[in-house]
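Notes for the one structure printed next.
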Amino acid sequence: MIFAGPLTWLTALPFAGAFAVLALSRNRALARALAILIAVASLLGTLALWVHFNAASSGMQFEQQYAWASSIGLTYHVGIDGLGLLLLVLSAIVVLMSLIASWSNPAHGPVYFALVLFLECGLFGTFTALNFLHWFLYWELTLIPAFFLVRQWGGAKRAQASLQFFLYTMVGSVALLVAFLALYLAAGTFDFLALAQWAHQGQLTAALQQQFAWTGWSGSSLALLLFWAVFLGFAVKTPVVPFHTWLPATYAEASSETTMLLTGAMSKMGVYGFLRILLPIFPEQMQQMLTPLLWLALASIVLPALAAWAQRDLKRTFAYSSVNHLGYCVLGICVVARFTGADPSLLLEKSAALTGVLLQIFSHGLTAAALFWFVALLERRNQGKRALTDFGGLRKIVPVFCGLMGIAIFASLGLPGLNGFPGEFLIFKGVFPLAGWAAALALLGLLFTAVFLLAVLQRVFFGPMRESQQQAPMPDLTAAERFAFAPVIALMLVLGFYPQLIAGKMTGTVAQWTAPQAAPLQTAANTVTNPSGYPVRATEAHR
């Protein structure tokens, strides 16, 4: 049965919960409590998957595949590997953090909570679906609630920001849809793993040539065109410079609780797409376009760090910081793409880079969500103020707040002993031997990041107190707020000292993604291999 698998139940839980919350539209307190209860249940569900996930296995786990509408290539195909598992857990954590942060925000009622749960359903579906049409439904499902969360509960310029966000994302989605329709016409399938197999065997380019011969384009040119279309869809979502211009205004105008969702979870959809779809289906094109991709990654690291340095709005500062940190993920992916299937002696470097990318994905999601949570508390305690010039000397009156926010800032900076360090360290460890010039330029991003984050610390926590703070000092964190932050800060510390907590679950996935290319079909009859040497179990379609 289609509803027999844990991934299906996990995705359905927040979807059904959203309707239950809407049914309580006249009782905000009860709707809020129910939304948080559903988010807790979703998190427990992802943790159960984590416990039962076999780290040594390289194939898809908890997999289901059923015929749905075979005539148009639509099957219900879900499954997760280490990457999918990691993003399920991260999404569940960030959604729960956002709902808890909304607890004392009177503007957020049952409709807001329901939209957050719809968004969580879309995230879960995006990270588990393995058929494009099925996956695309969830990809678009995240856009709808995100648009209304920004449009209805944002700042003074929320209409303009939400429209810009919608249009940018829709352009990327249209590019994805057109590209995969072309792939379907050529290959006859929407299944990600089957398309990856075609690409591995060198059949995709030939199929494109045959199907679209009337265009006069060669198969390699068509494949390159589709590659850039798919890249555009994911580059907008991540985002990658120069496709990031929607982000500062959207993050600044959305409520801080909504921004937690946008930066902590939704931005990871783009990075996921690079790893799950772009790299396996277009390995040759990624290698062919490696130089411009590396420059885009470097631009995404250095330029946003400089832009963040120039900001006076805390939310805009952290918005540009988000682009900067995800740029390291794109850099690591480019290096893995360059050497996929190459010299086996580079295995250690490739493994380090990919492990670093996975750690950076989780670390950034956790830290960025925490930083915007602190901004939400600052706004709530200071009549909506969040400019750097509005604060000073806060450590004298709110030492606990400053101490915990300081930990999150240092984690974002990549201080050893906190969760931001292992991922960046491993990315550089992998990049330096494989693309030393790129690593050297990326170090500028680290320098500028340190400068603007330390500037935030100096201006907000130290220096003379503002007159407004002297007349009406802001209160420190309440006992409930300290209790809510405790597990988040604890996780930052644990991952800083013991990144193996995550990396250990990724060993099978990393080993197969970075192994030298294997033959298209392995000896096991039930196993096929994607372009990165990543084996997946071939399941029968159940009718």
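Under 8 Å by Cβ, and 6 or more places apart or on different chains, what pairs join a residue from the stretch 89-109 that is within 14 Å of LEU491 (Cβ to Cβ) with one that is small (Gly, Ala, Ser) and surrounded by fewer than 24 Cβ atoms within 10 Å (Cβ to Cβ)?
Listed pairs, sorted by first residue: ALA92/GLY45.
Can you tell me which residue among LEU43, LEU7, LEU13 is in contact with a strand residue (DSSP E or B) (Cβ under 9 Å, 6 or more places away or on another chain), within 20 Å of PHE62 (Cβ to Cβ), in contact (Cβ under 8 Å) with a residue 24 or more places away in the chain and among the hydrophobic types (A, V, I, L, M, F, W, C)? Let's see the steps before the verdict.
Working: LEU43 fails: in contact with a strand residue (DSSP E or B) (Cβ under 9 Å, 6 or more places away or on another chain); LEU13 fails: in contact with a strand residue (DSSP E or B) (Cβ under 9 Å, 6 or more places away or on another chain).
It is LEU7.
Taking the stretch 62-87 on its own, how many of its residues are part of a strand (DSSP E or B) and either small (Gly, Ala, Ser) or under 16 Å from LEU193 (Cα atoms) (or both)? Full working, then the answer.
Filtering the stretch 62-87 for residues part of a strand (DSSP E or B) gives 62-69, 74-80.
Still in the list and also either small (Gly, Ala, Ser) or under 16 Å from LEU193 (Cα atoms) (or both): 62-67, 69, 74-80.
Of the residues in the stretch 62-87, 14 are part of a strand (DSSP E or B) and either small (Gly, Ala, Ser) or under 16 Å from LEU193 (Cα atoms) (or both).
Can you name the number of the only condition in (1) at pLDDT below 95; (2) in a helix (DSSP H, G or I); (3) farther than 29 Å from LEU457 by Cα that ALA342 fails?
Against the list (1) at pLDDT below 95; (2) in a helix (DSSP H, G or I); (3) farther than 29 Å from LEU457 by Cα, ALA342 comes up short only on (2).
Let me confirm something: among LEU457, LEU441, LEU495, LEU453, which residue is of a type in the set (A, V, I, L, M), buried (at least 21 other Cβ atoms within 10 Å of the Cβ), modelled with pLDDT under 95 and part of a helix (DSSP H, G or I)?
Details: LEU457 fails: buried (at least 21 other Cβ atoms within 10 Å of the Cβ); LEU441 fails: buried (at least 21 other Cβ atoms within 10 Å of the Cβ); LEU495 fails: modelled with pLDDT under 95.
Of the residues listed, the single one that is of a type in the set (A, V, I, L, M), buried (at least 21 other Cβ atoms within 10 Å of the Cβ), modelled with pLDDT under 95 and part of a helix (DSSP H, G or I) is LEU453.
Scan the stretch 99-116 for residues that are within 22 Å of the chain's Cα centre (by Cα) and hydrophobic (A, V, I, L, M, F, W, C) and jot them down.
Correct list: LEU99, ILE100, ALA101, PHE113, ALA114, LEU115, VAL116.
Mind listing whichever residues of the stretch 178-219 are touching a Ser or Thr at 6+ places or on another chain (Cβ under 6 Å) and either at pLDDT 85 or above or among the polar types (S, T, N, Q) (or both)? Give the steps one after another, and end with the answer.
Start the filter on the stretch 178-219 by keeping residues that are touching a Ser or Thr at 6+ places or on another chain (Cβ under 6 Å), which leaves 205, 219.
Passing the criteria: only THR205.
Just a yes or no: is a residue in the stretch 278-290 touching a Gly at 6+ places or on another chain (Cβ under 7 Å) and part of a helix (DSSP H, G or I)? Step through it out loud before you land on a result.
First, pick out the residues of the stretch 278-290 that are touching a Gly at 6+ places or on another chain (Cβ under 7 Å): none.
No, that holds for no residue.
Which of the residues spanning the stretch 53-69 are out of contact with any Lys or Arg (no Cβ under 7 Å at 6 or more places or on another chain) and in contact (Cβ under 8 Å) with a residue 60 or more places away in the chain? So that I can check it myself, show each step before the final result.
First, the residues of the stretch 53-69 that are out of contact with any Lys or Arg (no Cβ under 7 Å at 6 or more places or on another chain): 54, 56-58, 61-62, 64-66, 68-69.
Result: ASN54, ALA56, SER57, SER58, GLN64, GLN65, TYR66, TRP68.
Kindly evaluate LEU24 against the criterion of being modelled with pLDDT of 90 or more and part of a helix (DSSP H, G or I). So that I can check it myself, show each step before the final result.
Details: modelled with pLDDT of 90 or more: yes; part of a helix (DSSP H, G or I): no.
Considered against the rule, which asks whether it is modelled with pLDDT of 90 or more and part of a helix (DSSP H, G or I), LEU24 comes out as no.
Listed residues LEU303, LEU293; which is within 20 Å of SER267 (Cα to Cα), part of a helix (DSSP H, G or I) and either among the aromatic types (Phe, Trp, Tyr) or touching a helix residue (DSSP H, G or I) at 6+ places or on another chain (Cβ under 6 Å) (or both)?
Numbers: LEU303 fails: either among the aromatic types (Phe, Trp, Tyr) or touching a helix residue (DSSP H, G or I) at 6+ places or on another chain (Cβ under 6 Å) (or both).
The unique qualifying residue is LEU293.
Do the conditions hold for THR169, that is, is it within 29 Å of PHE113 (Cβ to Cβ), buried (at least 19 other Cβ atoms within 10 Å of the Cβ) and β-branched (Val, Ile, Thr)?
Numbers: within 29 Å of PHE113 (Cβ to Cβ): yes; buried (at least 19 other Cβ atoms within 10 Å of the Cβ): yes; β-branched (Val, Ile, Thr): yes.
Considered against the rule, which asks whether it is within 29 Å of PHE113 (Cβ to Cβ), buried (at least 19 other Cβ atoms within 10 Å of the Cβ) and β-branched (Val, Ile, Thr), THR169 comes out as yes.
Just give me the residues in the stretch 398-414 being of a type in the set (Phe, Trp, Tyr) and over 24 Å from LEU443 (Cβ atoms), in sequence order. Don't jump to the end; show me each part of the working.
The first filter runs over the stretch 398-414 and keeps only residues of a type in the set (Phe, Trp, Tyr), leaving 401, 410.
Within the stretch 398-414, just PHE401 meets the criteria.
So, in the stretch 258-297, exactly how many residues are over 20 Å from GLN203 (Cα atoms), of a type in the set (S, T, N, Q) and crowded, with 22+ Cβ neighbours inside 10 Å?
So the count comes out to 4.
Restricting the search to the stretch 418-428, which residues are part of a helix (DSSP H, G or I) and crowded, with 19+ Cβ neighbours inside 10 Å?
Result: GLY420, PHE421, PRO422, GLY423, GLU424, LEU426, ILE427, PHE428.
Which count do you get for residues in the stretch 1-37 that are under 25 Å from GLY79 (Cα atoms) and of a type in the set (D, E, K, R)? Explain how you work it out, then say what you get.
So the first thing to find is which residues in the stretch 1-37 are under 25 Å from GLY79 (Cα atoms), and the list is 1-18.
Applying the additional criterion that residues be of a type in the set (D, E, K, R) yields none.
Here the count works out to 0.
Say we look at the stretch 460-490 and pick out the residues that are of a type in the set (S, T, N, Q) and either surrounded by 15 or more Cβ atoms within 10 Å (Cβ to Cβ) or over 33 Å from the mean Cα position of the chain (by Cα) (or both); which of these is farthest from LEU366 (Cα to Cα)? Break it down into steps so the answer makes sense when it comes.
Narrowing the stretch 460-490 to residues of a type in the set (S, T, N, Q): 468-471, 478.
Next, from what is left, pick out any that are either surrounded by 15 or more Cβ atoms within 10 Å (Cβ to Cβ) or over 33 Å from the mean Cα position of the chain (by Cα) (or both): 468-471.
On the way: SER468: 32, GLN469: 30, GLN470: 33, GLN471: 35 Å.
Result: GLN471.
Against the condition in contact with a helix residue (DSSP H, G or I) (Cβ under 9 Å, 6 or more places away or on another chain), under 23 Å from TYR272 (Cα atoms) and either at pLDDT 95 or above or surrounded by fewer than 17 Cβ atoms within 10 Å (Cβ to Cβ) (or both), how does LEU501 come out, does it pass?
Numbers: in contact with a helix residue (DSSP H, G or I) (Cβ under 9 Å, 6 or more places away or on another chain): yes; under 23 Å from TYR272 (Cα atoms): yes; either at pLDDT 95 or above or surrounded by fewer than 17 Cβ atoms within 10 Å (Cβ to Cβ) (or both): yes.
Taking the combined requirement at face value, the residue satisfies it.
In the stretch 107-126, which residue that is over 22 Å from TYR251 (Cβ atoms) and modelled with pLDDT of 95 or more is surrounded by the most Cβ atoms within 10 Å (Cβ to Cβ)? Steps first, please.
Our first condition is that a residue be over 22 Å from TYR251 (Cβ atoms); within the stretch 107-126, this holds for 109-110, 114, 121, 124-125.
Applying the additional criterion that residues be modelled with pLDDT of 95 or more yields 114, 121, 124-125.
Values: ALA114: 24, CYS121: 23, PHE124: 30, GLY125: 25.
So, considering only residues that are over 22 Å from TYR251 (Cβ atoms) and modelled with pLDDT of 95 or more, the one surrounded by the most Cβ atoms within 10 Å (Cβ to Cβ) is PHE124.
I need the full set of residues from the stretch 157-199 which are touching a strand residue (DSSP E or B) at 6+ places or on another chain (Cβ under 9 Å) and small (Gly, Ala, Ser), in order please. Walk me through how you get there before you give the answer.
First pass over the stretch 157-199, keeping only residues touching a strand residue (DSSP E or B) at 6+ places or on another chain (Cβ under 9 Å): 189-194, 196-197.
Matches in the stretch 157-199: ALA194, ALA196.
How about the stretch 172-190: which of its residues are crowded, with 22+ Cβ neighbours inside 10 Å, of a type in the set (A, V, I, L, M) and within 20 Å of the chain's Cα centre (by Cα)?
LEU176
Look at LEU348 and say whether it is more than 19 Å from LEU454 (Cβ to Cβ) and at pLDDT 90 or above.
Taking the combined requirement at face value, the residue does not satisfy it.
The values are calculated or read from the model by the stated rules, or taken from the named source; none is laboratory data. Computed from a prediction, not measured in an experiment: that's the story for all the values here. A quick note on method: Cβ atoms are made from the backbone with ideal geometry, for glycine too, and the neighbour counts reach across all protein chains shown.
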